[in-house]
Amino acid sequence: MKRLIPVVLFFAMILSSGLYAQTPGVDLDIKKLEKGDIQVFKEEYSTVGEGKKMRVVGMMLIDAPPAELWDVLVDWDAMGPYVSGLDYYKTVHRIEPVGKDSGQSLIEGKLSIAFFTVLYTLDVRFDRSRFRQEWTMVDKETAETCRKSGIGISDKSGTIKDIQGYEYIEPYGDGSRSMYFYAPIVETAVPLPGFVERAVSKSTLKGYMEGVRKMVAEKKAGKK
């Protein structure tokens, strides 16, 4: 029964989240999770105009307890070398320092994929009490307001209309491992070529999750 608890909590948190109104069809394979496979579920939304809005939800077991994994997830600035296509994440402003319970930061990201370079800034909220992070993209008006206040925020790329998402952790089994959930939504302003869309999806979900796993492994190896 312990193996079913994270899945039940996953559905409960998805349904209670204000960011999402629907839940994608999920056919969870525990055997694949135990092997370390990332399971990905995708759902597309209709949008106004020619763009496309897509949500992908990834689930993965990581060989670290929740508190240890959390310490990796809050370090966005270290992710660049671990994710294919991600030039960097860098914190441009801390609205509220990430403390024992909460925090909020403005984090700039840059992706270089195929012939596209994507630049954006995320408003990331940290909730350590639930091992949960949520983010939305900073819009043009907010960016201009920040710049007037002396906060250096770049304008987003024209190919991206909106980004939002969340990630969170649940203990698995005896608590020595964690079930990691990562669910970004990327809405493009125009349709992207299929190969670019696949590259973006790989970098923003599977590539990111694999990067998290690599960071955890390196951190654990450094302790030995």
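Give, as a single signed number, the net charge of other residues whose beta carbon lies under 15 Å from the beta carbon of residue 80, with Lys and Arg counted +1 and Asp and Glu -1. Don't skip to the answer; put the middle values down first.
Values: positive: 90, 110, 214; negative: 75, 77, 87, 108, 210, 218.
Summing Lys and Arg as +1 and Asp and Glu as -1 gives -3.
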Candidates per chymotrypsin sites (Phe, Trp or Tyr not before Pro) in region 108-145, loop by DSSP, up to 14 other Cβ within 10 Å: 115
Computed lengthening from residue 140 to residue 117, 0.36 nm per intervening residue step minus Cα-Cα distance: 6.5 nm
Heavy-atom accessible area order for 110, 206, 31, largest first, 1.4 Å probe: 31, 206, 110
Lys, Arg +1 and Asp, Glu -1 on Cβ, resulting dipole of region 38-182 about Cα centre, debye, nearest 20: 280
Packing rank of 160-169, 94-103, where each peptide gets the mean count of other beta carbons within 10 Å, highest leading: 160-169, 94-103
Cα convex hull volume per residue for region 134-182 (Å³): 105
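The values are calculated or read from the model by the stated rules, or taken from the named source; none is laboratory data. If you're wondering where the values come from, they're calculated on a predicted model, not measured in any experiment. No Cβ is skipped: glycine too gets one built from the backbone with ideal geometry, and neighbour counts run over all protein chains shown. We work out accessible area using only protein heavy atoms, side chains counted, and drop any ligands, DNA or RNA first. Shrake-Rupley method; radii C 1.70, N 1.55, O 1.52, S 1.80 Å.
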